[in-house]
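One structure is given below, encoded as structure tokens.
The values are calculated or read from the model by the stated rules, or taken from the named source; none is laboratory data. Predicted model only: the values in this text are computed from it and were never measured. Cβ atoms come from the backbone with ideal geometry, glycine included; neighbour counts cover every protein chain shown. With ligands, DNA and RNA removed, areas are computed over all heavy atoms of the protein, side chains included. Shrake-Rupley method; radii C 1.70, N 1.55, O 1.52, S 1.80 Å.
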There are 2 protein chains.
Amino acid sequence: MSMDLLIEKIAAMKNPTVAGLDPKLDYVPKYILDKAFAENSDPLEAAAAALYEFNKGLIDALYDIVPAIKPQAAYYEMYGWQGVRTLAKTIEYAHEKGMYVITDGKRNDIGTTMEAYATGHLGMTAINGQQVAAFNGDCLTVNGYLGSDGINPLLKVCKEFDKGIYVLVKTSNPSSGELQDQKIADKTIYETMGEMCEKWGEELRGKYGYSAVGAVVGATYPEQLKELRAKMPHTFFLVPGYGAQGGGAKDVAFAFDEKGLGAVINSSRGIMCAYKKAGCDEHDYAKAAREEAIRMREDILSAIGDITL
Amino acid sequence: MSMDLLIEKIAAMKNPTVAGLDPKLDYVPKYILDKAFAENSDPLEAAAAALYEFNKGLIDALYDIVPAIKPQAAYYEMYGWQGVRTLAKTIEYAHEKGMYVITDGKRNDIGTTMEAYATGHLGMTAINGQQVAAFNGDCLTVNGYLGSDGINPLLKVCKEFDKGIYVLVKTSNPSSGELQDQKIADKTIYETMGEMCEKWGEELRGKYGYSAVGAVVGATYPEQLKELRAKMPHTFFLVPGYGAQGGGAKDVAFAFDEKGLGAVINSSRGIMCAYKKAGCDEHDYAKAAREEAIRMREDILSAIGDITL
């Protein structure tokens, strides 16, 4: 089961974190940009080449200590289909290095359209008698606003191809409460969404008790993290908001169970832009990312203790 | 204002409909597939080529009678980055033919990530001192579950580049009520989302009274269409669910104001697969699509009467 695979990687590395690869050109060292623009006259081709080079360096520096990457689709789409090609190539390269890949696309739709997203990002596309993996992520973030019609096609693909999803439950942004904290009878919307995750995952539980249906719960709302951890015992959490957005190790500790399992904590800018601090040479961007990944791992381990299967 | 442009095209053609281009390979005539597979050994390249050929034929047959296309991103992503290249090329071709383009991506995220989606799909991406249009849609469908942090970056791009969005309010699927019909105090979630749309659009109203912030409201819930039309006087509706999903002309008529404005009705499979009915030669797929588009236009006009600016 896909979530088991992530859990085993986390336990083996004693590191419950994921490196967010959300590469804006602003984050890419100048020497990489210069090379890409010298070699490509088309601006989107140049941008796509620079992002791939940047990502490759990060993956090379992280793959033996960080179990997973989380590429954010938006930053690739911003650079056109050429950028989306870099997304596909990044996933392929991370897999070559043994990393687990969570595609952060927050996709949502219904019926056959949701099937198309599920097939494209997690499954295999049937083309003229062949089965082809279009993007081949291990997990996809999704938005559950449309209800079960939007989630069921994903469950089918998760089962068939041994993949997973993370459903948005309580997001890390300041205005997440506008809708998510509103109460239906005596329950908030995020609690309702959380209950739906437990239900959707019922038949897809793995050997460590967690199902293929995870949830996104922000580090910036520690009270809710604690509440949801207790109410969603079979749902693995993907936790954004550590670092740049303000969540600390003590906050994210609420996302874990007593074995130190149950969650993976994301850091994007903190890792990608580590080299921009403290007079670091830009050529050492990957080394700085590795140092930050180690610091983050130690920071979180100090708050949650050991990780055991 | 972008929504004004759509309204003017609708009024000029007396046709408040949009052709959904959601091309699965199953929908593509065999002679187009055979040519694509003969010319491309890579299955994703072949699929992408076939989809583009199919779309081009549809656009050629529709551009003088249908004001807009709505490509559904999922069906392009299902065929990898090569499919996404076909999405970009389809948008470009539709623009060459003067059509308005609603990219159906239901994108959602927060802050700089949502900015990246807005920039990529509607705005211009800054690359090494140049401004490049990555996908260049006129409008993008979005999901508002994350609240204002997810919508504000879009409003900024809509204002700067004269574009629009459609926020999911009440979707057309059977399980849309699981969350959307739940009541917060005495208001449903879809009503709350509808009110948020009116508020988000306040400063982006055009000359016909409708703002750049539209809403997706399904044809399969006519009561709610009627209710929301009354409560959201400045919000243009994108209405899926006509035809294949069960919505009829009388149902969608509730989406319009007294001038016959206020909504655009989508048909995807009905138009794309028109040739699959009634012993039609597959070579005539575009002609069949045109006939169905005319039938649909007349069907809807018969229920709403005239369209006047």
For the range A:272-280, check the following and say yes or no: at least one residue is at positive phi, open to solvent by 30 Å² or more (accessible area, probe 1.4 Å) and without any contact (Cβ under 8 Å) to a residue 24 or more places away in the chain. yes
Residues of the range B:146-178 satisfying the condition of being surrounded by fewer than 24 Cβ atoms within 10 Å (Cβ to Cβ), more than 19 Å from the chain's Cα centre (by Cα) and either under 21 Å from A:THR141 (Cβ atoms) or within 10 Å of another protein chain (Cβ to nearest Cβ) (or both): B:GLY147, B:SER148, B:ASP149, B:ASN152, B:PRO153, B:PRO174, B:SER175, B:GLY177, B:GLU178
Among the numbered criteria (1) farther than 13 Å from B:ILE127 by Cα; (2) open to solvent by less than 10 Å² (accessible area, probe 1.4 Å); (3) at the interface with chain B (Cβ under 9 Å from one of its Cβ atoms), which single criterion is violated by A:LEU62? (3)
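Does A:ARG295 satisfy the criteria of being open to solvent by 70 Å² or more (accessible area, probe 1.4 Å), at pLDDT 95 or above and not aromatic (Phe, Trp, Tyr)? Break it down into steps so the answer makes sense when it comes.
Working: open to solvent by 70 Å² or more (accessible area, probe 1.4 Å): yes; at pLDDT 95 or above: yes; not aromatic (Phe, Trp, Tyr): yes.
Taking the combined requirement at face value, the residue satisfies it.
On the basis of being at the interface with chain A (Cβ under 9 Å from one of its Cβ atoms) and either among the aliphatic types (A, V, I, L, M) or over 28 Å from B:THR90 (Cα atoms) (or both), does B:GLY194 make the cut? Quick ask: steps written out before the conclusion?
On the way: at the interface with chain A (Cβ under 9 Å from one of its Cβ atoms): no; either among the aliphatic types (A, V, I, L, M) or over 28 Å from B:THR90 (Cα atoms) (or both): yes.
No, not satisfied.
Return the residue satisfying two criteria in turn: it lies in the range A:22-41 and is in a loop (DSSP other than H, G, I, E, B) and open to solvent by less than 30 Å² (accessible area, probe 1.4 Å), and of such residues it is nearest to the other protein chains (Cβ to nearest Cβ). Write out each step before concluding.
Filtering the range A:22-41 for residues in a loop (DSSP other than H, G, I, E, B) gives A:22-24, A:28-29, A:40-41.
Filter once more, so that each one left must be open to solvent by less than 30 Å² (accessible area, probe 1.4 Å): A:22-23, A:28-29.
Numbers: A:ASP22: 7, A:PRO23: 10, A:VAL28: 11, A:PRO29: 14 Å.
Among those that are in a loop (DSSP other than H, G, I, E, B) and open to solvent by less than 30 Å² (accessible area, probe 1.4 Å), it is A:ASP22.
Confirm whether A:TYR75 is open to solvent by less than 10 Å² (accessible area, probe 1.4 Å), facing chain B (nearest Cβ under 9 Å) and of a type in the set (Ser, Thr, Tyr). Quick ask: steps written out before the conclusion?
On the way: open to solvent by less than 10 Å² (accessible area, probe 1.4 Å): yes; facing chain B (nearest Cβ under 9 Å): yes; of a type in the set (Ser, Thr, Tyr): yes.
When the stated conditions are applied, A:TYR75 passes them.
Which count do you get for residues in the range B:124-140 that are open to solvent by less than 30 Å² (accessible area, probe 1.4 Å) and either touching a Pro at 6+ places or on another chain (Cβ under 8 Å) or within 9 Å of another protein chain (Cβ to nearest Cβ) (or both)? Before the answer, list the steps.
Taking the range B:124-140 as the starting set, the residues that turn out to be open to solvent by less than 30 Å² (accessible area, probe 1.4 Å) are B:125, B:127, B:132, B:134-135, B:137-140.
With the extra rule that they be either touching a Pro at 6+ places or on another chain (Cβ under 8 Å) or within 9 Å of another protein chain (Cβ to nearest Cβ) (or both), the set shrinks to B:125, B:127, B:132, B:134-135.
Here the count works out to 5.
Collect the residues in the range B:199-222 that are in a strand (DSSP E or B) and either among the small types (Gly, Ala, Ser) or within 22 Å of B:SER172 (Cα to Cα) (or both), keeping them in residue-number order. Spell out how you get there, then give the answer.
Step one: filter the range B:199-222 for residues in a strand (DSSP E or B), giving B:205, B:211, B:213-217.
Passing the criteria: B:SER211, B:VAL213, B:GLY214, B:ALA215, B:VAL216, B:VAL217.
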Restricting to the range B:202-217, give me the number of residues that are out of contact with any Leu (no Cβ under 7 Å at 6 or more places or on another chain) and over 14 Å from B:GLY262 (Cα atoms). 2
Could you list, in sequence order, all residues of the range B:85-108 that are open to solvent by 10 Å² or more (accessible area, probe 1.4 Å) and facing chain A (nearest Cβ under 8 Å)? B:ARG85, B:ALA88, B:LYS106
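Kindly provide the set of residues from the range A:133-149 that are of a type in the set (D, E, K, R) and within 15 Å of B:GLU77 (Cα to Cα), ordered by number. Before the answer, list the steps.
As a first pass, look at the range A:133-149 and keep what is of a type in the set (D, E, K, R): A:138, A:149.
Once the filter is applied, which keeps residues that are of a type in the set (D, E, K, R) and within 15 Å of B:GLU77 (Cα to Cα), the range A:133-149 yields nothing.
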Residues of the range B:110-123 satisfying the condition of being open to solvent by 10 Å² or more (accessible area, probe 1.4 Å) and within 7 Å of chain A (Cβ to nearest Cβ): B:ILE110, B:GLY111, B:THR113, B:THR119
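Only one residue in A:ALA46, A:ALA19 is crowded, with 24+ Cβ neighbours inside 10 Å, modelled with pLDDT of 95 or more and either within 11 Å of another protein chain (Cβ to nearest Cβ) or under 29 Å from A:VAL157 (Cα atoms) (or both). Which one?
Working: A:ALA46 fails: crowded, with 24+ Cβ neighbours inside 10 Å.
Residue meeting the stated conditions: A:ALA19.
Might you check whether a residue that is open to solvent by less than 10 Å² (accessible area, probe 1.4 Å), within 8 Å of chain A (Cβ to nearest Cβ) and either hydroxyl-bearing (Ser, Thr, Tyr) or not in a helix (DSSP H, G or I) (or both) occurs anywhere in the range B:179-187? Before the answer, list the steps.
Taking the range B:179-187 first, the residues open to solvent by less than 10 Å² (accessible area, probe 1.4 Å) are B:179-180.
Subset that is within 8 Å of chain A (Cβ to nearest Cβ): B:179-180.
So of that shortlist, the ones also either hydroxyl-bearing (Ser, Thr, Tyr) or not in a helix (DSSP H, G or I) (or both) come out as none.
No, there is no match, as no residue in the range B:179-187 is open to solvent by less than 10 Å² (accessible area, probe 1.4 Å), within 8 Å of chain A (Cβ to nearest Cβ) and either hydroxyl-bearing (Ser, Thr, Tyr) or not in a helix (DSSP H, G or I) (or both).
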What number goes with the only condition from (1) open to solvent by 20 Å² or more (accessible area, probe 1.4 Å); (2) farther than 18 Å from A:ASN266 by Cβ that A:MET13 does not pass? (2)
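Residue-by-condition table, conditions (1) of a type in the set (Val, Ile, Thr); (2) surrounded by fewer than 24 Cβ atoms within 10 Å (Cβ to Cβ); (3) touching a residue at least 60 places away in the same chain (Cβ under 8 Å); (4) closer than 20 Å to A:GLU298 by Cβ:
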{"position": "A:GLU198", "(1), (2), (3), (4)": "no, yes, no, no"}
{"position": "A:GLU202", "(1), (2), (3), (4)": "no, yes, no, no"}
{"position": "A:ALA219", "(1), (2), (3), (4)": "no, no, no, yes"}
{"position": "A:GLU223", "(1), (2), (3), (4)": "no, yes, no, no"}
{"position": "A:ILE265", "(1), (2), (3), (4)": "yes, no, yes, yes"}
The correct count of residues that are modelled with pLDDT under 95 and either in a loop (DSSP other than H, G, I, E, B) or surrounded by fewer than 24 Cβ atoms within 10 Å (Cβ to Cβ) (or both) in the range A:228-246 is 6
Every listed condition ((1) over 21 Å from the mean Cα position of the chain (by Cα); (2) in a helix (DSSP H, G or I)) holds for A:LEU225 save (1)
Check A:ALA274, A:ALA263, A:ALA255 and return the single one that is within 20 Å of A:ALA68 (Cα to Cα), touching a Leu at 6+ places or on another chain (Cβ under 6 Å) and at pLDDT 95 or above. A:ALA255
If I filter the range B:253-265 for residues that are part of a helix (DSSP H, G or I), under 16 Å from the mean Cα position of the chain (by Cα) and farther than 28 Å from B:LYS56 by Cβ, do I get at least one hit? yes
